[in-house]
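The block underneath contains the structure these notes are about, expressed in structure tokens.
Quick note: the coordinates plus some simple rules give every number you see, no bench work behind them. Note that this is a predicted model, so its numbers are computed, not measured. Note that each Cβ is placed from the backbone with ideal geometry, even for glycine, and that neighbours are counted across all protein chains shown.
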Amino acid sequence: MKLYALCDQDMLDSRGVTLEEYIAIAVKNSAEIIQYRNKNADIQYIKNQLIKIRQLYDGFLIVNDAYELIEYCDGVHLGQEDLRAIDTDIYKAVKILRSVVTEDKILGISTHNEEEVLEANNLDLNYIGLGAFRSTSTKKDILETLGDELDVIAKKSEHLVAAIGGVKLDDKFINVTYNVIGSGLLL
């Protein structure tokens, strides 16, 4: 299993864990990628956190949503809603993103079903996040989980696949490149 660690600032704050402590845990667990997610802070705070992570971690650093901060990391990840906020046509949205997130950077999006995976096959992406695998405390709005279907759907992707949503360190998948482990599950 390859580990993609999701560092959610709200989760860290709710558990009283510092960014430094979290990065140390991610490194100890051999995380190849860390995604920093902060849905509530201003852009300057997120930038400062990315700089701090970069000082502590030399693997791939992805920022959630804040594509304007691409110069401080290796890539950007967006959810479906965030992608459609750029443009309701996701093909146009990805084209706009690729004008900022150039080919030397990583671009990934979340997918939740076979239809979105097949649609993503036609987009200029480096990977997709697929899930939710199971329910998770960090996302209250999950209506449906994929369970064992995740691996079946992942096989249909032409991009690298990261299993997302309620994934645990000991979960094993055949057609998945990375297990995305949220802050709560690494702590």
Quick calc of log₁₀ I(q)/I(0), the chain, Debye, one scatterer on every Cα, no solvent, q values 0.08, 0.15 1/Å, result -0.22, -0.85
If the label point sits 7 Å along Cα→Cβ of GLU68, residues of the range 79-96 with amide N under 15 Å come out as 86
Out of ASP82, ASP171, ASP74, a Gaussian network model of the chain with alpha-carbon springs under 10 Å gives the largest mean-square fluctuation to ASP171
In the range 1-68, the trypsin sites (Lys or Arg not before Pro) that sit in a DSSP loop and have at most 16 other Cβ atoms within 10 Å of their own Cβ are LYS39
Per the C-alpha gyration tensor (a ≥ b ≥ c, the square roots of its eigenvalues), the range 1-104 is rounded if a/c is under 1.5, else prolate if a/b beats b/c, else oblate; here it's prolate
Once the in-chain neighbours fewer than 8 apart are removed, the lysines whose Cα is under 19 Å from LYS168 read LYS2, LYS28, LYS139, LYS140
In the range 110-187, the GluC sites (Glu not before Pro) that sit in a DSSP loop and have at most 15 other Cβ atoms within 10 Å of their own Cβ are GLU144, GLU158
Mean-square fluctuation maximum in Gaussian network of the chain, Cα pairs under 10 Å, restricted to GLY147, GLY131, GLY166, hits GLY147
Here the alpha-carbon Rg of the range 103-184 over 2.2 N^0.38 Å rounds to 1.03
Once the in-chain neighbours fewer than 8 apart are removed, the lysines whose Cα is under 18 Å from LYS47 read LYS39, LYS105
Label model pair ASN48, ARG98: point-to-point distance (7 angstrom along the Cα→beta-carbon line) in nm is 3.6 nm
When the charge dipole of the range 83-187 is computed with +1 at the Cβ of Lys and Arg and -1 at the Cβ of Asp and Glu, the Cα pointing farthest to the positive end, of LEU186, LEU130, ILE106, is that of LEU186
Looking only at aspartates and glutamates whose Cα falls under 19 Å of LYS52's and that sit 8 or more positions away or on another chain, we get ASP8, ASP10, ASP13, GLU20, GLU21, GLU32, ASP42, ASP65, GLU68, GLU71, ASP74
Counting only DSSP loop positions in the range 97-187, the trypsin sites (Lys or Arg not before Pro) whose Cβ has at most 10 other Cβ atoms within 10 Å are LYS140, LYS172
Computed over the range 54-187, the relative contact order (Cα-Cα under 8 Å, seq sep at least six) in percent reads 16 percent
Most fluctuating of ILE46, ILE109, ILE96 in the GNM of the chain (C-alpha, under 10 Å) is ILE96
Pseudo-spin-label distance GLN55 to ASP89, built 7 Å along Cα→Cβ, given in nm, is 4.4 nm
